[in-house]
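Report on one structure; see the data block that follows.
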Amino acid sequence: MSEHPAPELVTNPELHLATVRAQVTGDEIRSLYDGAFPQIIGALGRAGIAPAGVPLGVMHGEPGATFDISVAVPVAAPFAGDGEVRGETIPEGRAARLLALGNYDGLGAAYGKLYAWIEEQGLVPTGLAWEEYLTEPAPDGDASKNETMLWVQVSQPVEP
């Protein structure tokens, strides 16, 4: 990954999503995405719904041996679901965000920078984070040109 711009604190909008959610190991993430996007696009097509934004990956909770991930496509209104494709909503809230530039292999370092910044600001992650894939990767494309916006919802620490 290239050098990243500085993190910033913003208000994220409410986002309605069509998702496929699964618990996977790090080695299974790519196959989850490869299988989920065609399912989501198919379900939206059958419902006559167009995507309302770029694809997302939503992380629920803290990663451990597995990741609780929703592969997601934003939609304009709550999605009722279709088979394995379910509706989810990211609530409006305060979020720290960071634009990550380059190959997806560098996202771990970018998250490290973002979470360190969150801690420096005295904020607390809520357990909801997501990646916005601003550029569509191509099999023969230049991965150094990838742009991924990382978002982490945050709150103020609870005073004792």
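The values are calculated or read from the model by the stated rules, or taken from the named source; none is laboratory data. Owing to the predicted nature of the structure, the values given are computational and were not obtained by experimental measurement. Every residue, glycine as well, gets a Cβ built from its backbone with ideal geometry; the counts of neighbours run over all protein chains shown. The accessibility values were calculated without ligands, DNA or RNA, using every heavy atom of the protein model including side chains. Shrake-Rupley method; radii C 1.70, N 1.55, O 1.52, S 1.80 Å.
Here is a check on your reading of the model: is residue 18 open to solvent by 50 Å² or more (accessible area, probe 1.4 Å), outside any loop (DSSP other than H, G, I, E, B), touching a residue at least 60 places away in the same chain (Cβ under 8 Å) and more than 19 Å from residue 127 (Cβ to Cβ)? So residue 18 fails the test. When you look at residue 45, is it modelled with pLDDT of 95 or more, part of a helix (DSSP H, G or I) and surrounded by fewer than 18 Cβ atoms within 10 Å (Cβ to Cβ), yes or no? Taking the combined requirement at face value, the residue satisfies it. Taking residue 114, is it more than 25 Å from residue 26 (Cα to Cα), over 12 Å from the mean Cα position of the chain (by Cα) and not charged (D, E, K, R)? It is false that residue 114 is more than 25 Å from residue 26 (Cα to Cα), over 12 Å from the mean Cα position of the chain (by Cα) and not charged (D, E, K, R).
Considering 88, 92, 62, the condition of being surrounded by fewer than 12 Cβ atoms within 10 Å (Cβ to Cβ) and touching a strand residue (DSSP E or B) at 6+ places or on another chain (Cβ under 7 Å) is satisfied by 62 alone. The set of residues in the stretch 108-124 that are outside any helix (DSSP H, G or I) and either without any contact (Cβ under 8 Å) to a residue 40 or more places away in the chain or loosely packed, with under 11 Cβ neighbours inside 10 Å (or both) comprises 122, 124. Among the residues of the stretch 22-34, those that are modelled with pLDDT of 95 or more and open to solvent by less than 40 Å² (accessible area, probe 1.4 Å) comprise 22, 24, 32. Within the stretch 41-60, residues that are charged (D, E, K, R) sit with their Cβ atoms under 9 Å from residues that are surrounded by 14 or more Cβ atoms within 10 Å (Cβ to Cβ), at 6+ positions apart or across chains, in these pairs: 46/82.
The single residue among 127, 87 that is touching a residue at least 12 places away in the same chain (Cβ under 8 Å), of a type in the set (Gly, Ala, Ser), under 18 Å from residue 52 (Cα atoms) and in a strand (DSSP E or B) turns out to be 87. Exactly one residue among 96, 100, 52, 116 is touching a His at 6+ places or on another chain (Cβ under 8 Å) and over 18 Å from residue 19 (Cβ atoms), and that residue is 100. Of all the numbered requirements in (1) without any contact (Cβ under 8 Å) to a residue 40 or more places away in the chain; (2) at negative phi, residue 77 misses one, and that requirement is (1).
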